[in-house]
Structures are given as structure tokens and as C-alpha cells.
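Structure, as C-alpha cells:
The values are calculated or read from the model by the stated rules, or taken from the named source; none is laboratory data. On a predicted model such as this, the values are computed, not experimentally measured, just so you know. Cβ placement follows ideal geometry from the backbone for every residue including glycine, while neighbour counts extend to all protein chains displayed.
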Amino acid sequence: MKALLRADLYRLLHSKFFYILAAVALALALVTFGLLVLIQTLASEMAGEALGLSVSAFQRLSFDGTVGYFSVIASAVFICGDYAGGGIRGKIVIGCGRREIFYSKLILSAAMSAVLYLIGQAAVFVLGGIYFGWEGVSAYDTVSLFIAGLSMSLAFAAVFSGLALILQKLSSALVFGIVAMFALSLVLSLLSAAGSAVDSRAFTVFCDVFARLTPVGQNTALAAGADDYWVHTAVSLAWVAASALLTPLRFKKLDLK
């Protein structure tokens, strides 16, 4: 297992795509910060007073779904690239267990997702703290939201690394992952709109519960102001555990192409 991790880490650190993703993540965080500053400036000029935005608002805005799409791309390129180069088949031939191969990929995919998430959060806390200040910001809410977001990032990595390992082809993993993200986001938007129109407590509860059952829904809920952080954290870690348990069972029976 240690040898597999070292080999995967070496391959990751010597590939360009991860550094490109990290640069894009930082660029998007800077763009989001710039837009937030612009909105506050324009609102102040029009209303004659500050809009009252804070680091907390900036932190919420950082949950824009990009981490999920980054996880799709990172897992697909990293894992399917190893298929294309014959790396996974070669590891199995020399006696490496399939379960250990998956866990090595899972750990590295989780690390990539966490780094991409932390890049955005670093921009939030450094730039947001400098510009907006920390007055009135709840330390508990800030830390809890940070942990919930980190857990959600790990859930994305777990799901999409398992998907990439099973699908094997880069194009299939990318298309399936991105379409799944988009489709689920669309369903959640439709349910949210229906919940506003349908006067039913049971339907509203169903929509709220359904939104928290997937990392995509959690991302949307946290961005919208949900404060049940530990529920989100627990559900995300459940996705990680489920992927860690179920993917090796499918990978064990998979015919390698």
C-alpha cells in the first residue's frame, strides 16, 4: 500500500493537470472576491451606505459547485490516465491487490479535492478578512461551515474516484460525472421551485431532506445559508464510507480493458 501511494503521489506531483486545476481554482476564487467587492462598491454608491457584506457572506459564496466539477476532472484524469498508460493493469500483474489500488487512488483523489477546496477557502479568509474584517463573524459558524465543506469535498472525491475506476475511460468518466452533477442540480432547482409553489409541509420536508442526501444538494444548501453543518458533515462522510466499501467489490469483478 505504501509503495502504491508513493507511486501515485510521484505521478501526481509530476503532472501538469493538477497544477493547472489549482491555478484555475485560485483564479475563480479571486474573480468571486472581485465581483463581491464590486457589488459592495456599487451598492454603496447607489444607496449611499455600505452593503454590510462580511467574510461569512464570502465564505458562503465559495460554495458555488466548482469543487464538485474539479473532483470530476481530477479523478477522471488521474485514474483513467493510469488505465491508458497501462499502470493499473501492470500493478495487478505484479501482484498488487485491487482493493489496495483503489484505496491509493481514493486517498490521492481526496487529497486533490481537499487541496482545491483549501485554495478557495484560503482566498476567502485572507482576502475576505483583509477587506471585510472579522467583526460580527461567528467563529463557530465559520469553522463548522469550513469542516462541512471539507467533508463535502471528500465525498465528491470518493464518489467520482470510484466512478472513474469503474468506467476506465477518460471521456466516459468526464461526461458521466459532469452530466450527473448538472442533472442533479437541475432536479434540485426544480424541487426548490415546486416547494415554493406547493403548499404542503410534507413536500417541503421531502425537498429539504433530499437536498441534503447528496454532495451536490449539500453544496447548494450551504451556499443558501443552511446551518445544520454537522448533518452535512455526517452525510458526506457516509458517502466516503459507502464508496470505500462498495467500489472495491465492483472493481474486483471488473474486466480490465
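For segment 33-55, the set of residues classified as in a helix (DSSP H, G or I), modelled with pLDDT under 80 and surrounded by 15 or more Cβ atoms within 10 Å (Cβ to Cβ) consists of Leu36, Val37, Gln40, Ala43, Val55, listed by residue number. I'd like to know if segment 185-201 contains one or more residues that are within 25 Å of Leu35 (Cβ to Cβ), touching a residue at least 40 places away in the same chain (Cβ under 8 Å) and not polar (S, T, N, Q). Scanning segment 185-201, I find no residue that is within 25 Å of Leu35 (Cβ to Cβ), touching a residue at least 40 places away in the same chain (Cβ under 8 Å) and not polar (S, T, N, Q), so the answer is no.
Show me the helices (runs of 4 or more DSSP H) entirely contained within segment 132-225 in which 3 or more residues are of a type in the set (Ser, Thr, Tyr) and modelled with pLDDT of 90 or more.
Where helices (runs of 4 or more DSSP H) fall fully within segment 132-225 and carry at least 3 residues being of a type in the set (Ser, Thr, Tyr) and modelled with pLDDT of 90 or more, they are 139-167.
Contact map, segment 240-252: residues that are more than 12 Å from Arg99 (Cβ to Cβ) paired with residues that are buried (at least 16 other Cβ atoms within 10 Å of the Cβ), Cβ distance under 6 Å, separation 6+ or inter-chain. Pairs shown: Val240/Leu154; Val240/Ala155; Val240/Ala158; Ser243/Ala158; Ser243/Val159; Ser243/Gly162. Somewhere in segment 112-123, is a residue at pLDDT below 80, in a helix (DSSP H, G or I) and not aromatic (Phe, Trp, Tyr)? Within segment 112-123, none of the residues are at pLDDT below 80, in a helix (DSSP H, G or I) and not aromatic (Phe, Trp, Tyr). Pairs are defined by a Cβ separation below 6 Å, a sequence spacing of at least 6 or placement on different chains, a first member in segment 52-77 that is at positive phi, and a second member that is in a helix (DSSP H, G or I) and surrounded by 22 or more Cβ atoms within 10 Å (Cβ to Cβ); the pairs so defined are Gly65/Asn219. Annotation for segment 230-253: at least one member residue is modelled with pLDDT of 80 or more, of a type in the set (Lys, Arg), in a helix (DSSP H, G or I) and surrounded by fewer than 14 Cβ atoms within 10 Å (Cβ to Cβ). Among residues of segment 81-104 that are of a type in the set (Ser, Thr, Tyr), those with a Cβ under 9 angstrom from a residue that is not in a helix (DSSP H, G or I), sequence gap 6+ or separate chain, pair up as Tyr83/Gln168; Tyr83/Lys169; Tyr83/Leu256; Tyr83/Lys257; Tyr103/Met1; Ser104/Met1; Ser104/Cys96. For the condition in contact (Cβ under 8 Å) with a residue 24 or more places away in the chain, touching a Pro at 6+ places or on another chain (Cβ under 6 Å), surrounded by 19 or more Cβ atoms within 10 Å (Cβ to Cβ) and under 25 Å from Leu5 (Cα atoms), Met152 qualifies.
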